[in-house]
1. Which ones in region A:336-359 are part of a helix (DSSP H, G or I) and farther than 10 Å from A:Gly315 by Cβ?
2. Could you look through region A:96-150, keep only residues that are in a loop (DSSP other than H, G, I, E, B) and among the aliphatic types (A, V, I, L, M), and pick out the one that is surrounded by the most Cβ atoms within 10 Å (Cβ to Cβ)?
3. Going through region A:281-308 one residue at a time, which ones are in a loop (DSSP other than H, G, I, E, B) and either β-branched (Val, Ile, Thr) or more than 20 Å from the chain's Cα centre (by Cα) (or both)?
4. Quick check on region B:19-31: of everything there that is outside any loop (DSSP other than H, G, I, E, B) and surrounded by 14 or more Cβ atoms within 10 Å (Cβ to Cβ), which residue is farthest from the other protein chains (Cβ to nearest Cβ)?
5. Of the conditions (1) in contact with a Gly (Cβ under 9 Å, 6 or more places away or on another chain); (2) more than 10 Å from every other protein chain (Cβ to nearest Cβ); (3) crowded, with 21+ Cβ neighbours inside 10 Å; (4) closer than 30 Å to B:Ser63 by Cβ, A:Ser323 fails just one. Which one is it?
6. Scanning for something under 28 Å from A:Val244 (Cα atoms), buried (at least 24 other Cβ atoms within 10 Å of the Cβ) and within 14 Å of another protein chain (Cβ to nearest Cβ), does region A:177-193 turn up at least one residue?
7. Can you tell me which residue within region A:71-93, out of those that are surrounded by fewer than 16 Cβ atoms within 10 Å (Cβ to Cβ) and touching a helix residue (DSSP H, G or I) at 6+ places or on another chain (Cβ under 8 Å), is nearest to A:Asp23 (Cα to Cα)?
8. Which numbered condition in (1) farther than 21 Å from A:Lys102 by Cα; (2) buried (at least 21 other Cβ atoms within 10 Å of the Cβ) is the only one that A:Gly380 fails?
Amino acid sequence: MFSKNSPRSAATEVPDRFVIIFDSADPATPGIAAEAREQQVPQLLTEQGYSISEYFPMLGIAVVTSKADQLDDFRQRCAGHQLPAEVVPELIYRILPDAVAKDSFSDTGQFTWGLQAVGADLSSYTGKGINLAVLDTGFDANHPDFAGRNVTTKSLVDGEDAADSHGHGTHCIGTSCGPRTPEQGPGYGVASEANIFAGKVLGADGSGSDSNILAGINWALENKCQVISMSLGADVKTVHPPYVTAGRRALELGSLIVAAAGNNAQRSAGNPGFVGAPANSPYIMAVAAVDSKLAVADFSAQAISTEGGEVDIAGPGVDVYSSWPGSQRYNTISGTSMATPHVAGLAALLAESTGLRAQELWDKLVQEARSLSLPTTDVGAGLAQAPTSAES
Amino acid sequence: MSDSELPVYVITLAEGIEATGAVSELESHGLQVKRVLAALGQVIGQGSEQVATQLRGLDSVQSVDAQRTYRALDE
């Protein structure tokens, strides 16, 4: 990937080197004849004292070594022969950082591999001012890494409070909204200053019903959450109509729902699996999981050919370190569940940096994803990425 | 079958139908309303299969779907 003269690529001009284009800048004007390119141009170049070793007659382009004032003289001579000639400095092009981006990561003392892979470790955005809902098994609101954070909890599970006696919810909230500079261990949270809305829709056994989950989405919308993360699913191929409506109404109300694509694959055994519900709603973003070498995770479900059955994007989902309830405090686990809160956190950063919401936010996430050398049926647009300071 | 054993349904209302206002009509057809989700235009309730069939015939109802169960997706 090459680029010129943009702040990010920093192409530089070569002193006393110029590119001469023997053509009219006006596309409506016919180009110069082949005879002129093959005979008249090299003759004029030679008469001016320029080497023709870098003249390309089929293109009508020459690269010459010259002082600028000598070129002005040459341009006037060309004009006298009714020969249009545009002169631009020769540039040195460099491979852009994207093209040499790392493709292997590991946890360090400073950041988890996931935060590094999505660029959250380098982003100046933190999700500040964005309401991010995680609908899961609840949250350990007493976890020391979240002291002082703006947290709202709600249980939608009959007979259970909002505390997390399972662990999965606290882990997902850690990835999406946890700290980047905790007191101990590596930073593990993407949107480290987002307002946290922890909706408990899965019980202590890690399961929950439509009634709970839809009530959780409704609660998140009532609280104007711009991003809703759902690391849950069922292994069914058919689209469940309530989530078509829920996803569409969320987008209408300015909210983006991201959901885990599913863990029903066993690729090492030849089973690619399929995107399950509710991620297979056409209005809910389906998230696949990749490992620290940016290969698709063995368990990560593949797209199916029904509307909404696509994989839309991917996130880090293997061996993900994050918060855990109680005295254990931290745990490292895997799943499309772990990829989803990475993407939700990134959506919050993009919502903060761009002001985009709903479908426009979806489009931006996909547009900014890092392309991977993997089928779109496995990873969609690629690995979701954090906005940098320059991309606001 | 006791009331607690009746199947649970998600009733998605037709476009433009306000959820709170639809409750009495749904109840009049035998639905035991559990939750009203105003932002989504959906109502969660229990009833027999016959009740579900009746609800599917209402102009104010877009779909009636039996409740499903989901789980956390860690490995």
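Since every read-out is calculated from the coordinates, none of them should be taken as a lab result. Just so you know, these numbers come straight off a predicted model, no measurement behind them. We place every Cβ from the backbone using ideal geometry, glycine too, and count neighbours over all the protein chains shown.
1. A:Ser337, A:Ala347, A:Ala348, A:Leu349, A:Leu350, A:Ala351, A:Glu352, A:Ser353, A:Thr354, A:Ala358, A:Gln359
2. That would be A:Ala120.
3. A:Ser281, A:Ile284, A:Asp298, A:Phe299, A:Ile304, A:Ser305, A:Thr306, A:Glu307
4. Taking the candidates together, the pick is B:Glu25.
5. All conditions pass for A:Ser323, except number (4).
6. no
7. A:His81
8. (1)
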